[in-house]
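Below is one structure; the comments refer to it alone.
The values are calculated or read from the model by the stated rules, or taken from the named source; none is laboratory data. These figures come from a predicted structure and were not determined experimentally. Every residue, glycine as well, gets a Cβ built from its backbone with ideal geometry; the counts of neighbours run over all protein chains shown. SASA here: full protein model, heavy atoms, side chains in, ligands and nucleic acids out. Shrake-Rupley method; radii C 1.70, N 1.55, O 1.52, S 1.80 Å.
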Amino acid sequence: MRARTAAVIGVAAAVAVAAVAVARRHAPADTRAVATTTAIRLVRRDRVGLPEKKGLVRDPAHVRTLTEALGVDVHPAGECPPDYADADIGIVLSGNDVYARRNVYLFGLLGDGGAPSVVSATSAGCRLGPPADLASLRRELRMAGIVE
């Protein structure tokens, strides 16, 4: 085989490999909590900070409703609180992979006088804000057995 023929075959093979790679390219992954959450673990804490009630939500409709009610995707970035032990409810939003996991804390939801607030903590920092739909959030927490 001549050098020129080998070069043409090599270039053709490289173009074929590149075409296959471009064809198999995937769209960017959606990292919103509403899209990536598949299960939710809930823990209500007492005044001392010890677990009082626990719940697990796996039904896709309830997972989506609860995640939307929290509103963690629309909250702005903010400073993380110094201590999460004061949170009324601790929530773990779990997804299909380790990067979809988020820790969420609800403050002021059980009537301590303050306005309810949501803190979403990830390795990238914290997002803070009010619940997107407080009535829906309370309904879903009641259905999970966390609040009365």
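Brief remarks on what is shown
- When Ala35, Ala69 are checked against the criterion of being without any contact (Cβ under 8 Å) to a residue 40 or more places away in the chain and open to solvent by less than 80 Å² (accessible area, probe 1.4 Å), a single residue qualifies: Ala35.
- Checking Thr67 against (1) closer than 19 Å to Arg41 by Cβ; (2) touching a Gly at 6+ places or on another chain (Cβ under 8 Å); (3) not in a loop (DSSP other than H, G, I, E, B), the condition it does not meet: (2)
- Complete set of residues in the stretch 38-58 that are surrounded by 14 or more Cβ atoms within 10 Å (Cβ to Cβ) and without any contact (Cβ under 8 Å) to a residue 12 or more places away in the chain: Glu52
- Number of positions in the stretch 91-100 that are surrounded by fewer than 22 Cβ atoms within 10 Å (Cβ to Cβ) and hydrophobic (A, V, I, L, M, F, W, C): 3
- Of everything in the stretch 101-115 that is surrounded by fewer than 19 Cβ atoms within 10 Å (Cβ to Cβ) and under 19 Å from Thr36 (Cα atoms), the residue that is modelled with the highest pLDDT is Asn103.
- Flag for Arg4 being more than 21 Å from the chain's Cα centre (by Cα), among the charged types (D, E, K, R) and assigned to a loop (DSSP other than H, G, I, E, B): no
- The set of residues from the stretch 111-146 being assigned to a loop (DSSP other than H, G, I, E, B) and without any contact (Cβ under 8 Å) to a residue 40 or more places away in the chain comprises Gly111, Asp112, Gly113, Gly114, Ala115, Pro116, Ser123, Ala124.
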